[in-house]
1. Go through (1) surrounded by fewer than 17 Cβ atoms within 10 Å (Cβ to Cβ); (2) in contact with a Ser or Thr (Cβ under 8 Å, 6 or more places away or on another chain) one by one and return the number of the condition Val162 breaks.
2. Looking only at residues that are of a type in the set (Lys, Arg) and touching a residue at least 12 places away in the same chain (Cβ under 8 Å) in region 1-37, which one is surrounded by the most Cβ atoms within 10 Å (Cβ to Cβ)?
3. Limited to region 91-131, what total is found for residues that are out of contact with any Lys or Arg (no Cβ under 8 Å at 6 or more places or on another chain) and in a strand (DSSP E or B)?
4. Among the residues that make up region 267-287, is at least one of them without any contact (Cβ under 8 Å) to a residue 60 or more places away in the chain and more than 26 Å from Glu134 (Cα to Cα)?
5. For residues in region 125-180 being among the hydroxyl-bearing types (Ser, Thr, Tyr) and under 26 Å from Lys232 (Cβ atoms), which is modelled with the lowest pLDDT?
6. What are the residue pairs meeting all of these: first residue in region 117-136, first residue over 21 Å from Ile155 (Cα atoms), second residue among the basic types (Lys, Arg) and part of a loop (DSSP other than H, G, I, E, B), Cβ atoms under 6 Å, and 6 or more apart or on different chains?
7. When you scan region 195-202, do you find a residue that is modelled with pLDDT of 95 or more and either hydrophobic (A, V, I, L, M, F, W, C) or surrounded by fewer than 16 Cβ atoms within 10 Å (Cβ to Cβ) (or both), even just one?
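The values are calculated or read from the model by the stated rules, or taken from the named source; none is laboratory data. All of these numbers come straight from a predicted model, not from anything done at the bench. With ideal geometry, Cβ positions are generated from the backbone for all residues, glycine too; neighbour counts draw on all protein chains shown.
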Amino acid sequence: MKITLRQMEIFLEVAKTGHLTHVANELGLSQSAVSMSIKELESTMGCKLFDRIQKKLVLNEKGRAFAHEIEPLVQKLKDIEEEFSSQDNKGELIIAASTTIADYIMPHIICEYMQRYPEVKISMKIGNTKEIIEMIENGVADLGYIEGAIDSTCIVEEVMGVDELVIVTGDKNLKKRKEYYIDNLLDKKWILREIGSGTRAVFLDKIRRFVPDMNIFLELAHTEAIKSVLMKLDDSLSCLSKIAVQKEIERGELFEIKLKGFDFEREFLQLYHKDKYKSELFKKFMVFARYRFGEIIKS
């Protein structure tokens with residue numbers, strides 16, 4: 001588009017008053033700048049838009065038609081500018097969350113925020129930790145929420161809380177002992193998240209010194225799928241977020257097992273690109289999410 005918004009604004013002001021000097025004073029420009037803007041606009045349009053009558057610029061037939069078309073457009077753009085400059089909590093955010101957070105934490109936060117601020121729209125993309133990091137690095141999402149560590153020079157991270165990982169099984173025979181050594185469980189069927197998952201990475205990193213090569217029976221992309229398998233498959237175990245399995249443990253559908261000498265914790269992180277523009281909506285949602293995150297984890 002060769003015509004600029006500024007040219008259209010100047011054109012409409014000149015159309016109202018007919019005097020370059022008056023428009024220059026109103027807009028804080030020199031008279032020559034206003035005159036040049038009109039000449040450039042007429043050159044772009046390929047026709048004269050004003051007639052000079054008694055030292056006054058008056059719209060000709062082309063100018064009147066042009067003014068009729070652009071005036072509502074310019075006004076709409078001004079309205080949008082004013083609306084967005086005065087409304088802190090209006091707009092759209094794209095959130096990216098890893099599976100555990102997307103399933104058990106972020107929906108509560110997003111729904112509460114949108115109920116408080118009906119003119120805000122928040123959409124959520126879901127992936128594993130590796131995928132969320134890529135979304136933030138590539139500008140696909142405004143904010144990311146993951147579990148575990150990251151290695152990126154262009155991402156700013158903030159700790160949102162600590163998540164406890166637990167070993168769980170659906171096998172009642174395994175629950176008879178409250179605590180095991182890791183080598184007593186190596187022959188069991190371990191069901192883990194896929195490569196790229198933060199849950200998987202924390203668990204394997206912790207036990208790697210004692211178990212260089214774990215025999216993984218099955219890999220699944222979703223926590224709910226893992227829980228379903230654990231409830232049906234004897235001799236099966238997994239390491240999952242306590243948030244994800246708390247209800248099943250309370251109902252007696254899954255059983256927590258302790259590994260002697262091990263505890264599994266990780267940090268929940270909030271991520272954004274270091275070059276990300278921080279609008280008021282962006283900043284306010286970050287504060288709200290940080291507060292509610294802590295409450296949900298503790299509950």
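1. (2)
2. Arg6
3. Filtering region 91-131 for residues out of contact with any Lys or Arg (no Cβ under 8 Å at 6 or more places or on another chain) gives 98, 100-107, 110-111, 113, 115-116, 118, 121-127, 129-131.
Still in the running and in a strand (DSSP E or B): 98, 121-127.
Matching residues across region 91-131 total 8.
4. The answer is no; no qualifying residue exists.
5. The qualifying residue modelled with the lowest pLDDT is Tyr180.
6. Within 6 Å, the pairs are Glu119/Lys90.
7. At the first step, the residues of region 195-202 found to be modelled with pLDDT of 95 or more are none.
The answer is no; no qualifying residue exists.
Rundown of residues vs (1) more than 36 Å from the chain's Cα centre (by Cα); (2) surrounded by 15 or more Cβ atoms within 10 Å (Cβ to Cβ); (3) polar (S, T, N, Q), yes/no style:
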| residue | (1), (2), (3) |
| --- | --- |
| Leu57 | yes, yes, no |
| Glu69 | yes, no, no |
| Glu92 | no, no, no |
| Ala102 | no, yes, no |
| Pro107 | no, no, no |
